[in-house]
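The next block holds one structure in the form of structure tokens; read it before the comments.
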């Protein structure tokens, strides 16, 4: 089972699950899913064009936002919701591509940090700019869907 925290599923015995949902909830959820599908489709095309996978891009983002742009391998696994050996293989592929490198920890000789190479840093910046534009292209539908869901959640 992958490490990392999971979202809780609704409790089947919760009385609020027996209430009939307002039709607007379905519209809001459908709008959110549409935005997500559009964004993920856009993202897949962008990362593919850049020569990396979605998982590799996500790992580059995780490394980029870590303090000092370096992260312990076990923390990368946790952030990516993958097992440790999967993170090792992911870092192997990133290192082979010249995008990441392993750095021995100065604090714990058994630990390994993962950092970005200049090439990896440049790629994650280019892809982040592209993704930001792609996300903002669906801003109106995202905002409308969230507003509808927030309004209906306050009513229920």
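Scan segment 132-146 residue by residue and report those that are within 18 Å of residue 26 (Cα to Cα) and in contact (Cβ under 8 Å) with a residue 60 or more places away in the chain. Break it down stepwise before answering.
Initially, segment 132-146 is screened for residues within 18 Å of residue 26 (Cα to Cα), giving 140-146.
Once the filter is applied, which keeps residues that are within 18 Å of residue 26 (Cα to Cα) and in contact (Cβ under 8 Å) with a residue 60 or more places away in the chain, segment 132-146 yields 141, 142, 144, 145, 146.
Inspect segment 112-119 for any residue being assigned to a helix (DSSP H, G or I) and at positive phi and give the result as yes or no.
No, segment 112-119 contains no residue that is assigned to a helix (DSSP H, G or I) and at positive phi.
Output the residue which, of all residues in segment 31-72 that are outside any helix (DSSP H, G or I) and out of contact with any strand residue (DSSP E or B) (no Cβ under 7 Å at 6 or more places or on another chain), is surrounded by the fewest Cβ atoms within 10 Å (Cβ to Cβ).
The first filter runs over segment 31-72 and keeps only residues outside any helix (DSSP H, G or I), leaving 51-53, 66, 70-72.
Add one more test, that the residue is out of contact with any strand residue (DSSP E or B) (no Cβ under 7 Å at 6 or more places or on another chain), and what stays is 51-53, 66.
Details: 51: 10, 52: 22, 53: 14, 66: 18.
My answer is 51.
Give the number of residues within segment 40-73 that are touching a residue at least 60 places away in the same chain (Cβ under 8 Å), under 12 Å from the mean Cα position of the chain (by Cα) and over 25 Å from residue 103 (Cα atoms).
Number of matching residues: 1.
Which one of these does residue 76 not meet: (1) in a helix (DSSP H, G or I); (2) crowded, with 17+ Cβ neighbours inside 10 Å; (3) in contact (Cβ under 8 Å) with a residue 60 or more places away in the chain?
Condition not satisfied by residue 76: (3).
How about segment 93-107: which of its residues are under 11 Å from residue 119 (Cα atoms) and exposed (fewer than 13 other Cβ atoms within 10 Å of the Cβ)?
Correct list: 98 only.
What are the residues in segment 5-30 that are surrounded by 10 or more Cβ atoms within 10 Å (Cβ to Cβ), farther than 16 Å from residue 155 by Cα and modelled with pLDDT under 90, if any?
Answer for segment 5-30, where residues must be surrounded by 10 or more Cβ atoms within 10 Å (Cβ to Cβ), farther than 16 Å from residue 155 by Cα and modelled with pLDDT under 90: there is none.
Any residue in segment 85-99 that is at positive phi and at pLDDT 95 or above sitting within a Cβ distance under 9 Å of a residue that is surrounded by fewer than 22 Cβ atoms within 10 Å (Cβ to Cβ) and outside any helix (DSSP H, G or I)? List the pairs, counting only those 6 or more apart or interchain.
Qualifying pairs under 9 Å: 98/117.
The values are calculated or read from the model by the stated rules, or taken from the named source; none is laboratory data. Predicted model, so just to flag it, every value in this text is computed and none were measured. Here the Cβ is made from the backbone with ideal geometry for all residues, glycine too, and neighbour counts use every protein chain on show.
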